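Structure, as structure tokens:
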């Protein structure tokens, strides 16, 4: 039993070290890379514009559900006027950055892992390295830098749409005055809450896109499958680990900032 535990522990430490080195090399390779701005803009389009519909839809329905559930809970205590505070703090501090990151992982992260996995299997990455082109600078670094920019903006958009969804639930469906709702939002949200939201979004963006890039880039190391099955396995592993990492990082950041 001790031997099994020790082996798995060593494998975990080695994997974490490989991931840290992979991320560090990717950022270092971006320095002095040619046409890096153009590749960052393309990555930002993939993570931002293409993921915009899912962010808008999920954000709206999250706000609608929060408004409905929050109203019925607060109504039991005669505190319906605090609906805006409940919805805004829930979105800004927790649900906004977390759900936005999970949606981006499901769409942009899975696509990134699959793309890099296919490029590894078809030896396109090996061809780049043979020609003297840094595969980290060309394929990975723009995605990581773009994530640091896109994830906070997507989280802010998610929160904004969610607030309007909560307002629709409170005012149109339940009869709460819109002025009461928005005044509660204004009183509840402080600059510290906004900083926490953006901090989480930046951390989530870095961790998730780095994990998806790492698993896709190292598809050839998959021992359980080869070819298309290896791409499928690495993509699934990337999405699952990224989702778990978002929740774990959310707890760690919240415990330090609360």
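Just so you know, all these numbers are worked out from the coordinates, no wet-lab data involved. Predicted model only: the values in this text are computed from it and were never measured. Positions of Cβ are generated from backbone atoms using ideal geometry, with glycine treated the same way; all protein chains shown enter the neighbour counts.
Quick notes
- Using the Cβ-Cβ distance between residue 52 and residue 81 with R0 set to 45 Å, the FRET efficiency works out to roughly 0.85.
- Residue-averaged [θ]222 nm for the chain, counting only DSSP H segments that reach four residues, each worth -39500 (n - 2.57): -25000 deg cm²/dmol
- Alpha-carbon centroids, segment 145-174 and segment 1-74: separation in whole Å: 18 Å
- Candidates 213, 29, 191, ranked by Gaussian network fluctuation over the chain, Cα under 10 Å, top entry: 191
- Point-to-point label distance, residue 173-residue 124, nm (Cα→Cβ direction, 7 Å offset): 4.4 nm
- Projecting label points 7 angstrom from Cα along Cα→Cβ for residue 194 and residue 5 puts them 4.9 nm apart.
- Our estimate of slack between residue 252 and residue 164, defined as 0.36 nm per intervening residue step minus the Cα-Cα distance, is 28.8 nm.
- The slack in the chain from residue 65 to residue 131, taken as 0.36 nm per residue of separation less the alpha-carbon distance, amounts to 18.4 nm.
- Cα-based Kirkwood hydrodynamic radius, segment 2-257, one decimal, Å: 19.7 Å
- Cα point-scatterer Debye curve for segment 144-258, base-10 log of I(q)/I(0) at q = 0.09, 0.15 Å⁻¹: -0.39, -0.80
- Acute angle (nearest 10 degrees) that the helix 178-188 long axis makes with the longest principal axis of the chain, alpha-carbon atoms: 60 degrees
- Highest-MSF residue in the chain out of 51, 222, 197 [GNM, Cα springs under 10 Å]: 222
- Spin-label model, residue 228/residue 42: points 7 Å from Cα along the beta carbon direction are separated by 2.6 nm.
- Entry note, the chain: relative contact order of 31 percent, from Cα contacts under 8 Å with a spacing of 6+ residues.
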